[in-house]
Amino acid sequence: MIILDGGMSRELQRIGAPFRQPEWSALALIETPALVEQVHREFAAAGADVITTNSYALVPFHIGEERFRTEAPMLAARAGEVARQAADAVNATQPGRAVRVAGSLPPIFGSYQPELFDAATVQDYLSVLVIGLRPAVDLWLGETLSSLAEARAVLAAVDGGGRPVWISFTLDDAVEGRGAEPRLRSGETVAEAAAWVAAAGIDTLLFNCSQPEVMAPAVRAAAKVFAAHKVSIPIGVYANAFEPQKNEKANETLADVRQDLDGSRYSDWADEWVAAGASIIGGCCGIGVHHIHALSQHLRAEAVSAK
């Protein structure tokens, strides 16, 4: 079982890092990178095997087009460096630990807005992040992707490079859609996405930034496709703690967090995802250090008892 970290933004707020719109979590990277490193270290101390670079908000929507052109190369490199420092510090002081760094590659034109995808310009933006992050990361993580077009763009941007490529899709989690065939926010089915993952040689398929309730059906749908294709591709889940999100641009405001998702309840959901076929579990927006600590303790205790 691989444990991922959780959401960066609220943890930055918790420890007093600067945080406002439009910069969002990028503001701490700009003004107080040591606090970003502190959050990475806390997630690793809580049991995370993979920590994700704080590069999700390094897009024009958050930092502006001009700042992206002038500062994004430096900021992407900084995001990689502070994550690398945190991982190396943990690995050096805790024998047996091998915390890895995932390079976050976000949807460039807006979370939950696949209709804004621009194939003509996406590589101009993604290439900046890839070049800046590359020296520090162990794997690539295209995350919160709403469509296959966004996923294909991430795969093209990293261009092999000798590092594993993880692709994570965000799901349609509207209440009225519960019980229907699992779909991405673009309307494409999870089965279609899994078939592409199997054919494209992606190393790992994940689902993130959607409610816990929709994750297990997606995992089962993907596992069924992988079995049909006779491929063994790990499946992961890192849900958020939000109420259902419509396909509107994410992070415009600080969304309310559900009160029923403490560490214990989130671990219960993780059991359901593992039973469905997931072997990588973490958290997204609103899932903090305390959730990851409870999750890692719970899943590892279950692994020991199962031996």
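The values are calculated or read from the model by the stated rules, or taken from the named source; none is laboratory data. Predicted model only: the values in this text are computed from it and were never measured. Note: ideal-geometry Cβ built from the backbone for every residue, glycine included; neighbour counts use all protein chains shown.
When region 132-167 is filtered for residues that are crowded, with 20+ Cβ neighbours inside 10 Å, farther than 16 Å from L206 by Cβ and touching a Leu at 6+ places or on another chain (Cβ under 9 Å), the ones remaining, listed by number, are G132, L133, A153, A157.
So that you can scan it fast, the table gives a plain yes or no per residue for (1) under 20 Å from the mean Cα position of the chain (by Cα); (2) closer than 29 Å to Y112 by Cβ; (3) of a type in the set (A, V, I, L, M, F, W, C):
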residue: F61; (1), (2), (3): yes, yes, yes
residue: G64; (1), (2), (3): no, yes, no
residue: R69; (1), (2), (3): no, yes, no
residue: M74; (1), (2), (3): no, yes, yes
residue: R78; (1), (2), (3): yes, yes, no
residue: A83; (1), (2), (3): yes, yes, yes
residue: A89; (1), (2), (3): no, no, yes
residue: R97; (1), (2), (3): no, no, no
residue: R100; (1), (2), (3): yes, yes, no
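Residue-wise test of (1) hydrophobic (A, V, I, L, M, F, W, C); (2) within 12 Å of V137 (Cα to Cα); (3) without any contact (Cβ under 8 Å) to a residue 40 or more places away in the chain; (4) in contact with a Pro (Cβ under 6 Å, 6 or more places away or on another chain).
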residue: T53; (1), (2), (3), (4): no, yes, no, no
residue: G64; (1), (2), (3), (4): no, no, no, no
residue: T70; (1), (2), (3), (4): no, no, yes, no
residue: A76; (1), (2), (3), (4): yes, yes, no, no
residue: V82; (1), (2), (3), (4): yes, yes, no, yes
residue: Q85; (1), (2), (3), (4): no, yes, no, no
residue: D88; (1), (2), (3), (4): no, yes, yes, no
residue: P114; (1), (2), (3), (4): no, no, no, no
residue: F117; (1), (2), (3), (4): yes, no, yes, no
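When region 199-220 is filtered for residues that are among the aliphatic types (A, V, I, L, M) and surrounded by fewer than 19 Cβ atoms within 10 Å (Cβ to Cβ), the ones remaining, listed by number, are A199, A200. Per this entry, G110 is counted among residues that are at positive phi and either crowded, with 17+ Cβ neighbours inside 10 Å or modelled with pLDDT of 95 or more (or both). Among the residues of region 19-27, are any closer than 20 Å to A89 by Cβ, in a helix (DSSP H, G or I) and within 19 Å of the chain's Cα centre (by Cα)? Checked against the condition, which is being closer than 20 Å to A89 by Cβ, in a helix (DSSP H, G or I) and within 19 Å of the chain's Cα centre (by Cα), region 19-27 yields no hits at all.
Here's the yes/no breakdown for (1) in contact with a Phe, Trp or Tyr (Cβ under 8 Å, 6 or more places away or on another chain); (2) crowded, with 24+ Cβ neighbours inside 10 Å; (3) basic (K, R):
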| position | (1), (2), (3) |
| --- | --- |
| S25 | yes, yes, no |
| T32 | no, no, no |
| N54 | no, yes, no |
| E65 | no, no, no |
| R69 | no, no, yes |
| R97 | no, no, yes |
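G162: at positive phi, touching a strand residue (DSSP E or B) at 6+ places or on another chain (Cβ under 9 Å) and free of Cβ contacts under 8 Å to residues at least 60 places away in the same chain, yes or no? Answer is no for this residue.
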